[in-house]
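Presented below is the structure to which this report refers.
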Amino acid sequence: MKTAVISDIHGNAVALRAVLQDIEARGIDQIVCLGDIIGYGPDPLECVDLVQEKCAWALMGNHDFGVLYEPTNFNAPAEAAAFWTRAQFDAEPDEPARERRFSFLGSLRVRAVEDLTGDGLEILAVHASPRRPINEYIFPDDASDAPDKLEAIFDRVEKVAMVGHTHQPGVFSNEPDFYPPDEIGSDPVFKFNENEKIIINVGSVGQPRDNDPRACYAILSPGQVEFARVEYEIAKTADKIKSIPELADWLGERLYEGR
Ligand code: ZN
């Protein structure tokens, strides 16, 4: 069984639709979402509707939490975007649609443990970190600069975990080490190894930050994970962001560079 894992869509419906099309073309069995469906981007309602329709389940990210409850530890543009996003949900004139979206956001779990490949391997899924599921960042540099932090985080991982949050795809091993997709290979497919625990960062659909502007997601199949990149019409999303005064122009500009 194959499962597509998407994360950090951030209200970028153009990127999400491109990724969903790519997933469908590959004949993947199911899709799950690690959160941050909304926040930053111009199409929050459409993204929530698509995730609810297409994903088996979704988790709560810090931006979903920020829009639904309160933005915590957000910088000024992120906070302004959270309040604007909240206003879009509030402004929905169709009351059942408004209620459905709020109850969907309110139902998001912070963690899931599930066999996602059909081979009995239980995989832990969170938005941010196995230690602090909504807010802790696990940065690629932590593998070299903060081995104690990674060790404490790996203590909470049975075998394989999946995260998003930093928008930087790759695989952490409990060595500790970090392998970005371009170091894994041209495919790039990472094979699970019996002797190591891993944490897979699936990257970001709607706001990649690894200097590759293409939408990113991961495909789990028995014994391995593959990283997929999908081109989309960045200008459509960036122009829309520019036309909305409450969303900082930089939130669109950064999409062209993937940072
Ligand atoms: Zn995010």
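The values are calculated or read from the model by the stated rules, or taken from the named source; none is laboratory data. No experiment lies behind these values; they were computed from the predicted model shown. Here the Cβ is made from the backbone with ideal geometry for all residues, glycine too, and neighbour counts use every protein chain on show. Each accessible area value is taken on the protein alone, full model and side chains, heavy atoms only, with ligands, DNA and RNA left out. Shrake-Rupley method; radii C 1.70, N 1.55, O 1.52, S 1.80 Å.
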With 0.36 nm assigned to each residue of separation and the Cα-Cα distance removed, Ala56 to Arg131 gains 24.6 nm
Hey, if you put +1 on the Cβ of every Lys and Arg and -1 on every Asp and Glu Cβ in the chain, which of Met162, Gly39, Asn211 ends up farthest toward the positive end of that dipole?
-> Gly39
Taking the Cα atoms of region 213-259, report the difference between the largest and smallest coordinate on each principal axis, in whole Å and largest first.
-> 46, 17, 15
The correct ranking of Glu46, Glu226, Glu233, Glu194 by accessible area at 1.4 Å, largest first, is Glu194, Glu233, Glu46, Glu226
Using +1 on the beta carbon of Lys and Arg, -1 on that of Asp and Glu, and nothing else charged, what's the dipole of region 1-154 about the Cα centre, debye to 20?
-> 140
Note: Glu246 to Glu175 extended length (0.36 nm per residue) minus current alpha-carbon separation gives 21.2 nm
Be a star and scan region 14-44 for residues whose amide nitrogen sits under 19 Å from the point 7 Å along the Cα-to-Cβ vector of Asn75.
-> 36, 38-42
Calculated [θ] (222 nm, deg cm²/dmol) that DSSP helices of n ≥ 4 give over the chain, each run adding -39,500 (n - 2.57) | -10000 deg cm²/dmol
Which percentage, to the nearest 5, of the DSSP beta bridges contained in the chain is antiparallel?
-> 65
Report the net charge of residues surrounding Asp182, where surrounding means a beta-carbon distance below 11 angstrom and charges are Lys +1, Arg +1, Asp -1, Glu -1.
-> -3
Residue pairs, from the table Lys159/Lys236; Lys149/Lys191; Lys191/Lys240; Lys54/Lys240, whose Cα atoms sit over 28 Å apart = Lys159/Lys236; Lys191/Lys240
Under the Kirkwood approximation for Rh and a Cα-based Rg, what ratio Rg/Rh is obtained for region 55-129?
-> 1.08
Under a Cβ-Cβ cut-off of 10 Å, what is the net charge of the residues other than Glu158 that fall near it, where Lys and Arg count +1 and Asp and Glu count -1?
-> +2
Once all protein chains are kept in place, Trp57 shows an accessible area at probe 1.4 Å, nearest 10 Å², of 30
If one takes the longest principal axis of the Cα atoms in the chain, at what angle in degrees, from 0 to 90 and to the nearest 10, does the Cα axis of helix 76-90 lie?
-> 60
Rounded to a whole %, the carbon-and-sulfur portion of the accessible area of the chain at a 1.4 Å probe is 44
Expected field for Glu79, accessible surface area in Å² at 1.4 Å probe radius, rounded to 10, holds 80
Sort Ser186, Ser204 by accessible area with a 1.4 Å probe, largest first.
-> Ser186, Ser204
If you bin every alpha carbon distance in region 65-217 into 5 Å steps from zero, what whole percent lands in each bin?
-> 2, 8, 15, 19, 19, 15, 10, 7, 4, 2, 0
Give the ranking of Glu151, Glu231 by solvent-accessible surface, highest area first, calculated with a 1.4 Å probe.
-> Glu231, Glu151
Three principal axis lengths of the chain [C-alpha, angstrom, descending] = 54, 35, 32
